[in-house]
Structure formats: structure tokens, C-alpha cells
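The values are calculated or read from the model by the stated rules, or taken from the named source; none is laboratory data. Predicted model, so just to flag it, every value in this text is computed and none were measured. Using ideal geometry, Cβ is built from the backbone for each residue, glycine included, and neighbour counts are taken over all protein chains shown.
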């Protein structure tokens with residue numbers, strides 16, 4: 001099935017019945033910007049039944065106009081082209097199209113494991129700090145090598161060499177993350193004051209080892225334990241973000257609805273921070289906004305997004321739940337989705 005539509009640079013609203021294909025539109029945009037789905041880790045499940053590959057294409061306007069194309073086969077091979085040139089790395093396409101997705105389970109950033117919060121943190125660094133990605137790759141390579149040495153029970157003098165190199169790269173990565181959080185936290189606090197005022201939530205960064213030691217000292221102290229388990233127990237690969245209220249985990253103190261608002265605050269603040277530091281603005285994909293937030297909170301979120309001048313794609317079941325957003329700008333657009341077919345609505349019809 002093929003679908004093509006022209007987007008507004010501001011709000012794009014999609015309505016239709018359940019299973020009509022609304023979320024698939026968000027998924028396609030997300031896939032084009034990240035090379036992966038937010039619904040499944042299995043690439044073959046994204047490809048339509050009886051097809052051998054998926055193909056996505058978009059033309060980007062703005063300060064850095066580009067034509068982006070992506071193909072993914074059932075076997076998992078991926079081909080990416082930007083301005084008719086083959087690109088080897090998904091990271092390159094991500095730079096052109098920074099994506100922020102907010103769905104029904106986005107509140108899990110509070111309750112799920114540290115991996116999801118590290119990904120959130122590193123997304124911000126990837127898009128705002130040019131030195132981050134090269135440093136991250138250096139550290140990841142050293143992590144694999146040090147883990148191999150630990151698993152092989154390498155001699156202590158060899159491990160000391162790996163400890164030193166690992167610690168240098170780890171401390172450098174930690175410094176970038178700490179600087180990012182120091183800049184990001186005030187922005188997050190401002191958005192929280194709008195969405196969840198009077199809730200004293202504290203955002204803190206945990207580096208992955210005790211801050212009273214250098215990373216190398218920590219590795220030296222615990223090398224016997226790490227050798228026993230066969231992998232690195234300390235370092236930036238164990239970093240986390242802590243969200244607390246009066247020193248208690250935020251997920252234990254907040255309702256699920258409040259947790260969703262925290263997740264919105266995190267994503268919105270990250271977009272504001274990105275724009276203020278680089279001039280770039282992410283594309284926001286928000287699935288089923290009307291059922292996730294009440295009208296007052298929806299109004300606050302759309303007001304923030306309008307001020308950010310972000311391009312936004314929002315889905316909902318009923319068109320009447322989205323017309324309030326449509327009215328914010330003459331350039332906003334609404335589309336009806338039925339069996340995967342996307343039809344733009346005449347603006348006058350949206351208000352009848």
C-alpha cells in the first residue's frame with residue numbers, strides 16, 4: 001500500500017477509527033528519522049504482508065533542505081539515501097530529522113530500566129553536542145574490549161591497561177552528560193511548573209559509579225568482583241537519570257496520569273533545549289493525544305509546541321477532539337485516515 005500527503009510545517013492532525021492506520025503514519029515518520037519502529041524491534045513485522053521491503057521517502061524543507069529515502073528488506077538490510085547519495089549510517093539521517101515520539105506508554109521512562117533514560121539523555125547530546133557521538137563510539141568499543149578481557153580473566157597488568165583507557169573514555173563521556181543535564185534541568189523545571197505545578201520533582205544524573213571516586217579508582221577497587229562476573233559493573237554504561245519527589249522515586253508518588261505529564265515535560269523540554277542551543281527543532285509525533293490528556297493539559301501542551309514552532313503530527317479517533325488545535329493556525333492541517341488511505345479535510349468541513 002502506498003500513501004502520500006503534503007504536511008503543514010506546524011500541526012498535522014490525523015483522525016479515524018481504531019486500526020485505520022493513524023499510528024502507522026507516525027511510525028513511518030519515526031522509522032525514516034531513526035531506522036527503527038517504536039512498536040516492534042522486529043523489522044520484518046513493519047513490512048506489509050506479502051511484500052519484500054518497505055520504502056519511505058520525504059522531502060525536508062527549511063534551513064537544510066534534503067530529500068531522504070529509506071528501504072528496509074525482510075532480511076534486515078537497509079539502504080539510506082540523502083540527496084541521491086548513499087549513506088552508510090542511520091546516525092546521518094537522524095541528524096536531518098530529529099524525532100520526539102510521545103505515546104501511551106511514554107510514562108515508562110520513569111518506571112522502566114535505566115536503558116530508556118540513558119537513551120533519552122544521549123538523544124539530547126547526539127543532537128546538540130558534536131563531540132558526543134565520536135566519544136560515545138570510543139567508549140562503546142572500549143567497553144566491549146574490557147568486557148572481553150574480564151571474561152577471559154586477563155592478567156592484572158593487562159586489566160590495568162584496559163582500566164586506564166576505559167576510565168579516560170568513561171570520564172570524558174560522563175563530563176558531557178553532566179554538562180547536558182546541568183543545562184537541561186532548568187528548562188525541564190520551567191515546563192514542569194506549567195504542566196504539574198506545586199509538585200517538587202527533582203531531576204538528577206547518576207554517572208554509573210560512586211562520585212566520591214574517580215572511575216579508574218573504582219575499577220581498581222572492584223576488579224576482582226568484575227573478573228568474577230565477567231563484565232564491567234561500573235561506568236557510563238550504568239548511568240541513569242533519577243526523578244524524585246521529597247527523596248522518594250517519582251513513579252511511586254505520582255499517578256499514571258501525572259507520570260504521563262512528566263514524560264511530556266521531559267520531551268518538550270528537550271525540544272526547547274535543542275532549539276536554544278542549536279537552532280534546530282525536533283519533529284514531534286504524539287499518538288492519541290485526546291485520550292492521553294484532558295482538554296486543559298492538551299491546551300497547555302499545544303501552546304508550548306506552538307511557541308516552539310515545532311512541526312507536530314498528532315493522532316486521535318474523533319475529529320472534534322482535534323479541531324481546537326486546528327484553530328490555532330491557518331496553516332494547520334487535518335487528515336482523515338481510513339484503511340491506510342490519507343485524505344486531507346477541507347478546512348471549513350472540520351468545523352461543521
For residue 268, state whether it is touching a strand residue (DSSP E or B) at 6+ places or on another chain (Cβ under 9 Å), in a strand (DSSP E or B) and crowded, with 16+ Cβ neighbours inside 10 Å. no
Looking across the range 13-34 at residues that are buried (at least 17 other Cβ atoms within 10 Å of the Cβ) and not in a helix (DSSP H, G or I), the single one that is modelled with the lowest pLDDT is 20
If we only count strands (runs of 3 or more DSSP E) wholly inside the range 51-109, which ones have 2 or more residues that are within 29 Å of residue 290 (Cβ to Cβ)? 53-60, 99-102
What about residue 91, is it surrounded by fewer than 19 Cβ atoms within 10 Å (Cβ to Cβ), within 26 Å of residue 268 (Cβ to Cβ) and in contact with a strand residue (DSSP E or B) (Cβ under 7 Å, 6 or more places away or on another chain)? no
Residue 110 being within 16 Å of the chain's Cα centre (by Cα), in contact (Cβ under 8 Å) with a residue 60 or more places away in the chain and in the same structural domain as residue 249 (by TED's automatic domain parsing): yes
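Before we move on, is residue 104 at pLDDT below 90 and out of contact with any helix residue (DSSP H, G or I) (no Cβ under 7 Å at 6 or more places or on another chain)?
It is false that residue 104 is at pLDDT below 90 and out of contact with any helix residue (DSSP H, G or I) (no Cβ under 7 Å at 6 or more places or on another chain).
Kindly establish whether residue 291 is surrounded by fewer than 16 Cβ atoms within 10 Å (Cβ to Cβ), in contact (Cβ under 8 Å) with a residue 24 or more places away in the chain and touching a helix residue (DSSP H, G or I) at 6+ places or on another chain (Cβ under 9 Å).
Numbers: surrounded by fewer than 16 Cβ atoms within 10 Å (Cβ to Cβ): yes; in contact (Cβ under 8 Å) with a residue 24 or more places away in the chain: yes; touching a helix residue (DSSP H, G or I) at 6+ places or on another chain (Cβ under 9 Å): yes.
So residue 291 passes the test.
Quick check: is even one residue across the range 35-49 part of a helix (DSSP H, G or I), in contact with a strand residue (DSSP E or B) (Cβ under 7 Å, 6 or more places away or on another chain) and modelled with pLDDT under 85?
yes
Conditions tested, residue by residue: (1) under 21 Å from residue 131 (Cα atoms); (2) surrounded by 14 or more Cβ atoms within 10 Å (Cβ to Cβ).
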residue	(1), (2)
175	yes, no
187	no, yes
196	no, yes
211	no, no
Applying the selection to the range 312-325, what residues are within 30 Å of residue 274 (Cα to Cα), surrounded by fewer than 21 Cβ atoms within 10 Å (Cβ to Cβ) and in contact with a strand residue (DSSP E or B) (Cβ under 9 Å, 6 or more places away or on another chain)? 321, 323
Scan the range 114-140 residue by residue and report those that are in contact (Cβ under 8 Å) with a residue 60 or more places away in the chain and under 13 Å from the mean Cα position of the chain (by Cα). 117, 118, 120, 121, 123, 124, 127
